[in-house]
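What follows is a set of notes on a single structure, which appears directly below.
The values are calculated or read from the model by the stated rules, or taken from the named source; none is laboratory data. For clarity, every value in this text was computed on a predicted model and none was experimentally measured. All Cβ positions, even for glycine, are placed from backbone atoms using ideal geometry, and neighbour counts span all protein chains on display. Areas reflect the complete protein model, heavy atoms only, side chains present, ligands, DNA and RNA absent. Shrake-Rupley method; radii C 1.70, N 1.55, O 1.52, S 1.80 Å.
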Amino acid sequence: MTIQDVAALSGLSICTVSRALRDLPNVSEKAQAKVTDAAAKLGYKASSAAARLAGGTTGSVAIIVPTATAWYFARAVEAAEEVLADSGYDTVLISLRNRPSVQRKLFGDLAGLTQRVDGMLLLNVALDGAEVAAVEASGMAVASVGMHGVPWDNVGIDNVEAARQATGHLLGLGHWDVAMLAGREPEGRSVVTAEARRRGFELALAEQELTVDPDLVLDAGSSIEGGRRAMTELVENRRMPSAVFAGCDETAFGALMALRDLGLAAPKNVSIIGIDDHQMSWFLGLTTIAQPVADQGAFAANLLIERLHHPGLPNPPAAHLLETKLVERRSTRRRR
């Protein structure tokens, strides 16, 4: 039996059940009775994480994301929350809103956060050296998704290789004039994958003895609107390439919208590829590099739980890379 079974039988959310099982506040008497009855009928026992509350822990974990609106983060957070809830943990979602000022404030003083949560799950947050040191000094259990060279457990993909594969696919189709809509935010630094994916783009070009044209690399963030703006700028004020590598699928969606608004289309006028395999990519016919988003969130959450349950775990922090794969659809074709 799992906490999901108790929630299904009681008709309440997993978070409510989690709080009721651990006698936390803000649970009505009626809800508490439903949970108690359902748990008794199922023979459900509270997890070891819940039992640890007697030791003075909070039973909560902070999930920190650059932005809560992008599909990637929503999907990874959902998977992580499911795993954490099943182990009896509440989650506190903190969005940095792609604002450096918000990030500096949070990591500049983590004392308040340590009083509210036992652990921290970071999703693709670009930390500087001082911020990494602050996280380490906080004493909290930490795990992350999509980060590089951090002194805690991390789950992700090889973003350099994914971008190299995406760009290489375009080059293999005969597109030697390739633009990149980069994932960097124009005024921020909160998404860590952008630089790695740009390196992969540059590497693929270098392997074919091609140089990067600065005029064909535009910062587009990781949003549909950012992709639309960047693609419009590319076509109207720079020059039309034969192919475009978008730093993520949502940026590619915006590029497809811009082409439509300009009376153009992919792949007739330009081939487009992204990274993610967003749930709408198949519908829009977007060629992409698929990555296991939910698996990364769930895997990292399990690693964090292990650290929470066993604070003295001797195993050194490890980097876990999951596989990606090319998914060909109708947005790319061989150059004629």
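Does residue 38 satisfy the criteria of being modelled with pLDDT of 85 or more, among the hydrophobic types (A, V, I, L, M, F, W, C), more than 30 Å from residue 277 (Cβ to Cβ) and exposed (fewer than 14 other Cβ atoms within 10 Å of the Cβ)? So residue 38 does not fit the description; no.
List the residue pairs whose Cβ atoms are under 6 Å apart, where the first residue sits in segment 203-229 and is over 12 Å from residue 246 (Cα atoms), the second is part of a helix (DSSP H, G or I) and open to solvent by 60 Å² or more (accessible area, probe 1.4 Å), and the two are 6 or more positions apart or on different chains. That search, which allows pairs on different chains as well, returns 203/164; 204/164; 212/202. Exactly one residue out of 265, 243 is more than 27 Å from the chain's Cα centre (by Cα), farther than 28 Å from residue 97 by Cα and among the hydrophobic types (A, V, I, L, M, F, W, C), and it is 265. The single residue among 172, 168 that is open to solvent by 20 Å² or more (accessible area, probe 1.4 Å), modelled with pLDDT of 95 or more and in contact with a helix residue (DSSP H, G or I) (Cβ under 8 Å, 6 or more places away or on another chain) turns out to be 168. Yes or no: residue 89 open to solvent by 20 Å² or more (accessible area, probe 1.4 Å), in contact (Cβ under 8 Å) with a residue 12 or more places away in the chain and in contact with a strand residue (DSSP E or B) (Cβ under 7 Å, 6 or more places away or on another chain)? Criteria not met by residue 89.
I'd like the full set of residues that are charged (D, E, K, R), touching a residue at least 60 places away in the same chain (Cβ under 8 Å), open to solvent by less than 100 Å² (accessible area, probe 1.4 Å) and part of a loop (DSSP other than H, G, I, E, B), limited to segment 303-336. Passing the criteria: only 333.
Would you check if residue 117 is of a type in the set (A, V, I, L, M), under 14 Å from residue 63 (Cβ atoms) and in contact (Cβ under 8 Å) with a residue 12 or more places away in the chain? The answer is yes for residue 117.
Inside segment 198-277, counting only strands (runs of 3 or more DSSP E) that do not spill past its ends, which hold 1 or more residues that are in contact with a strand residue (DSSP E or B) (Cβ under 7 Å, 6 or more places away or on another chain), open to solvent by 10 Å² or more (accessible area, probe 1.4 Å) and not acidic (Asp, Glu)? Output list reads 217-219. All told, residue 168 falls short of being closer than 23 Å to residue 330 by Cα, in a helix (DSSP H, G or I) and under 19 Å from the mean Cα position of the chain (by Cα). Considering segment 41-79, the residues that are modelled with pLDDT under 80 and assigned to a helix (DSSP H, G or I) include one that is surrounded by the fewest Cβ atoms within 10 Å (Cβ to Cβ), namely 55.
Of all residues in segment 25-52, those that are at negative phi have Cβ atoms under 7 Å from Cβ atoms of residues that are part of a helix (DSSP H, G or I) and at pLDDT 90 or above, 6 or more apart or on another chain, in 34/10; 35/10; 38/9; 38/10; 41/9; 42/9; 49/305; 49/308.
Residues considered: 155, 142. Of these, the only one that is within 24 Å of residue 312 (Cβ to Cβ), in contact with a His (Cβ under 7 Å, 6 or more places away or on another chain) and either β-branched (Val, Ile, Thr) or assigned to a loop (DSSP other than H, G, I, E, B) (or both) is 155. Is it true that residue 163 is part of a helix (DSSP H, G or I), open to solvent by 20 Å² or more (accessible area, probe 1.4 Å) and on the phi < 0 side of the Ramachandran plot? So residue 163 does not fit the description; no.
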